[in-house]
Structure formats: structure tokens, C-alpha cells
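Written below as C-alpha cells is the structure these notes are about.
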Amino acid sequence: MSAWPRSLPPFLWGVATSSHQVEGQTHNDWTRWEAAGRVREGQRSGRGCDHWSRYQEDYQRFAALGINAYRFSVEWSRIEPEPGQWDREALATYRRMVQAMRSHGWVPCLTLHHFTLPLWLADRGGLFAPDAVERFTRYAATVVEHLGDLVDLYVTINEPMVWAVMGYAHGSWPPGRRSVWLAWRAANRLGHLHRHLYRTIKAARPTALVGWAHHYAVFFPYRETSWADRRDAAAVDWLFNRRFVAQIAPDFDFIGVNYYFRQWMHWRQGFRPITAKPGALTTDMGWEIYPAGLRHALRVLGRWQKPLVVKENGIAARDDRLRQRFLVDHLRELAAAQAEGLEVRGYFYWSALDNFEWAEGFHPRFGLFAVDYATQARTPRPSARLYRWLIEQNRDRFPIAVPDHVPDAEELPPLKAAVSPTNHPA
Ligand code: IFM
């Protein structure tokens, strides 16, 4: 076991969001992408969940879950709307947010970069702008200067491999490039960037824990008997799951694990994975539900001998029963990983609220709280009660345990959130 700081709870029970997906009214490379009609059915993030003005009451709702940690991201385009111009009011709002998190008794986990870039940087080449590293590190230093006394846990970059693949090879996210070579270079660049961000934060806050959020997808050969399928599964696994970690080691204090699904490799498809075999249980996004993959990911990443924190795990499902089962089955795998001796220090459900799911727009429903985007009403789903119950069962418990008998979520008492509409116009 590592020296997990005594100042942190032994296990972080949290929920996660990201700025562009919930805040509303952001202005960055994604908003331009949306305006160009690149999101499903021409949807735009627009007002989103209006969380920027409603965060206090949202926190009151999340507090009813009994969480002790909250993962969020800060929006670079708000903080530095023009190069070198720092928006003090935006920084002050983030400071109030972090203070509110702490007053709820949560450990704030701050993500510096979660897929969006300010337009001024995107227009200079984004990740490949000549001064990108300098700009990124200056931004990180400014955030830490303003919030660092209140934040001990940082994610530098969310899912660098997803960003590299979707933005530079698949082309369905900004900057919309389609080149495997560019994606390879983007991944390298992100590794380089992570190391700079890590060192910048550690220089200012030596006791802070700094990591990144690694999207781990489990790749299996479509046919176990096919040598070529096995080769492709191993190759993609290395490229997507293992290479980045090796590249940035030892510059991380924990590994953030984002786990969602298993995919299949068939040599005839090249490097395009098959998302599910016929008949598999899938989410509303067609992702195969494979809880055992979480333990697999934790085992693989556990070899680095650093604490593991599940920074994201969740499901897009209009059928909440599926979410309840997903939650319990994945937490059982996490508990089993701990029983094997792996140091898993936290679990953050993705997501607290329904939100803007990138190129898929608002259709996917990941939230423990449903959002009605027309009225901005939030309604806890039964899975929110179940999550609260699971957290309660583990109060002061490490490692965690999921009881054999889990009650029907519908029969659990409703959440009691004292919500006062305090920080948005009536
Ligand atoms: O919504 C995303 C999040 O931004 C990053 N991780 C995966 C989630 C679900 O696709």
C-alpha cells in the first residue's frame, strides 16, 4: 500500500461532472464545433444544465447522496478568454464553488482539461500550437495560484487517448482531423503536456496528489481462435490502454481510471473495434456492459504500484433499472479488486447530472439526477437512492463491501435535499 494521505478519507465516494457538459454558455472549440452542425441532430450545448448559475442548489442535491468527494473541471476559456487576460470573476466563481464543496465536507477533485480549448488556442493549432505547452502550464499555474490552497487532488488531462483518437484519427471531435499519424503525435504531445502540468502543480503544491484520468477500454479478440483477431486486440490494447502510462511514468501520484465498456477486435475491421456482439447487454449508446472489465483494468493499471481511483464509471440508460444493476455490479468488481490487494481509493459515478454528451448531444442520460432541459428541473432517479444506500453501507469502511442482498431502489426512502434556489435569477 502507498502512503495515501491521512488528510483524505480512505475511500473517496463521489460523483463527477465536467465544465462544458454542465455549466452552460461556454465559448470554446466545442461551441464552434456545435455551431458548425457537427453534433447529432445539430444540437448545441447552449444553456446545458445551467450549472454555472445553479451550482449551489445542485450541490445541495448531490450532498443528499452522502458523497465525500466531488470531481469537476474548470473551463479554460472562461478563465483566460483571451491570451494572457485572466478573468478574475470566473476564478472567483470557481473559488466559491470549491469553498461550497468543502463546506459540504467533500474532497474537491479538480480537472484542468476536459476536452475543450479556448478558441484563441485552437486557432493557433491547439495542441500543436508552438506555445501550447507554455500556455497550458501558465493556465495550470494560475488555477493553482487561485484555488490551490483549497484543492489537494488534481486531474491534469481527462482521457488523453480518447481526445487524441476522436479529434485526430476519427475526426468526429474538434479539430476534426483524420490521420492515424496525427493521433499518434497528439498522444505523444499530451504525454509531454501531462508531465509539464504535473511538475507545475507539484512545484506550487508539493503535497497535492496529481494524476490524470485514463480511459481504459477492454479489448477482446472477436474470435479467440483467430490469431489475427488476437494480434489486433493486443495491439489496440497496448496503444490505447498501456502506452500512455508508460510514457508519463513516474510523473503521477495516482492513476485515475475511467471505465465504461468492452470492445471486440476483428481483423477484417482493421483498427475499428466492434462495440458489442449480437445479443450482448448494452447501454443506450450501444456500449457493451461488462463489469468484469473494471477489475481487469484495475489489475493492469495496478502494476504501476500507485493508488488507483475510479474517476468515472457510469451508464447512459433511460431504463434506470439498468443503471442500478450497473452500479452494483461494477462496485462488486471494485470490491473484489481490493480483496485481491489492489489499492483502489475511490469511485466517482459518471455523472451526477444528465448532461451534454459531446457529439451525441443531450440524448444519452447518464445522470443520477435527471435533467429536464426545458425547465431545468432535476429529479433524482431511483439509482441515486441506491448509490446513497451503498455509500451508507460503507461509512468508515475500507476496503469497501457490497452486501449480498441489495434492496430494490424504489423501496429505499427518497433523497432528502434541502434545496434553496440561492444563486440563479428567479
Ligand atoms: O461524458 C464523457 C466524459 O466527458 C468523459 N468520459 C466518458 C463520458 C461518457 O462518454
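The values are calculated or read from the model by the stated rules, or taken from the named source; none is laboratory data. Predicted, not measured: the structure shown is a model, and the values here were computed from it. With ideal geometry, Cβ positions are generated from the backbone for all residues, glycine too; neighbour counts draw on all protein chains shown. Ligands, DNA and RNA are stripped out before the accessible areas are found, and what is left, the full protein with its side chains, is counted by its heavy atoms. Shrake-Rupley method; radii C 1.70, N 1.55, O 1.52, S 1.80 Å.
List of remarks:
- For peptides 214-220, 47-53, sequence by mean Cβ density within 10 Å, most packed first: 214-220, 47-53
- Label separation (Q305 vs W238): 2.4 nm, computed from points 7 Å beyond Cα along the C-beta direction.
- Cβ-defined net charge surrounding D87, 12 Å radius [Lys, Arg +1; Asp, Glu -1]: -2
- Rounded accessible area of R199 (nearest 10 Å², 1.4 Å probe): 130
- Stretched out straight at 0.36 nm per residue, the stretch from F398 to R124 would grow longer than its current Cα-Cα span by 93.9 nm.
- Accessible area of I248 in the full protein assembly, 1.4 Å probe (Å², nearest 10): 0
- Residue of A36, A164, A336 that the Gaussian network model of the chain assigns the largest fluctuation, springs spanning Cα pairs under 10 Å: A36
- Spin-label proximity, A204 to segment 36-76 - amide N less than 17 Å from point 7 Å beyond Cα toward beta carbon: 72-76
- Counting Lys and Arg as +1 and Asp and Glu as -1 over every other residue whose Cβ lies under 12 Å from the Cβ of K311, the net charge comes to 0.
- Cα→Cβ-extended label distance, 7 Å offset, between K277 and A36, nm: 3.9
- Student exercise, the chain dipole from Lys, Arg, Asp, Glu Cβ charges, in Debye to nearest 20: 780
- Rg and Dmax, both from the Cα atoms of segment 37-113 and both in Å, are 14.5, 41.
- Spatial extent of segment 42-172: Rg and Dmax, with the Cα atoms as the point set, Å: 15.7, 46
- Gain in span if fully extended, Q56 to S420, counting 0.36 nm per residue against the direct Cα distance: 130.2 nm
- Across the options V133, V98, P83, the greatest Cα extent toward the positive end of the charge dipole of segment 54-136 (unit charges at beta carbon of Lys, Arg, Asp, Glu) belongs to V98.
- Dipole of segment 278-334, positive end: most advanced residue of A280, P307, G293 [Cβ charges, Cα centre]: P307
- Most fluctuating residue given options Q324, Q269, Q376, as computed from a GNM of the chain linking Cα atoms under 10 Å: Q269
- Per residue, the solvent-accessible area of segment 354-426 (1.4 Å probe, heavy atoms of protein chains only, all protein chains present) comes to 49 Å².
- Under-29-angstrom lysine pairs by C-alpha in the chain, whenever the two are 8 or more apart or on separate chains: 4
- All-pairs alpha carbon distance profile, segment 312-426, 10 Å steps from 0, percent: 12, 40, 32, 14, 2, 0
- Pairwise FRET efficiency - W227 versus Q247, Cβ, R0 = 22 Å, nearest 0.05: 0.20
- Percent of Cα pairs exceeding the 19 Å cut-off, where the set is segment 277-380: 49
- Local electrostatic count, A276, Cβ distance below 14 Å [Lys/Arg +1, Asp/Glu -1]: +1
- Estimated [θ] at 222 nm from DSSP helical runs (n ≥ 4, -39500 (n - 2.57)) normalised by residues in the chain, nearest 500: -11000 deg cm²/dmol
- Taking all protein chains together and rolling a 1.4 Å probe, K306 ends up with roughly 50 Å² accessible.
- Distance between the modelled labels on W181 and T142, one decimal in nanometres: 3.5 nm (7 Å Cα→Cβ projection).
- For a paramagnetic label modelled on N188 (point 7 Å from Cα along Cα→Cβ), amide N atoms under 15 Å away belong, within segment 128-152, to 128-129.
- Cα centroid of segment 238-252 to Cα centroid of segment 54-130, whole Å: 26
- Of all beta bridges that DSSP places with both ends in the chain, some 15 percent have antiparallel geometry.
- Remark: the chain is approximated by an ellipsoid whose semi-axes, taken from the C-alpha gyration tensor as √(5λ), come to 28, 28, 23 Å, largest first.
- Considered as an equivalent ellipsoid built on the Cα gyration tensor, segment 149-234 has semi-axes of 32, 17, 10 Å, the largest given first.
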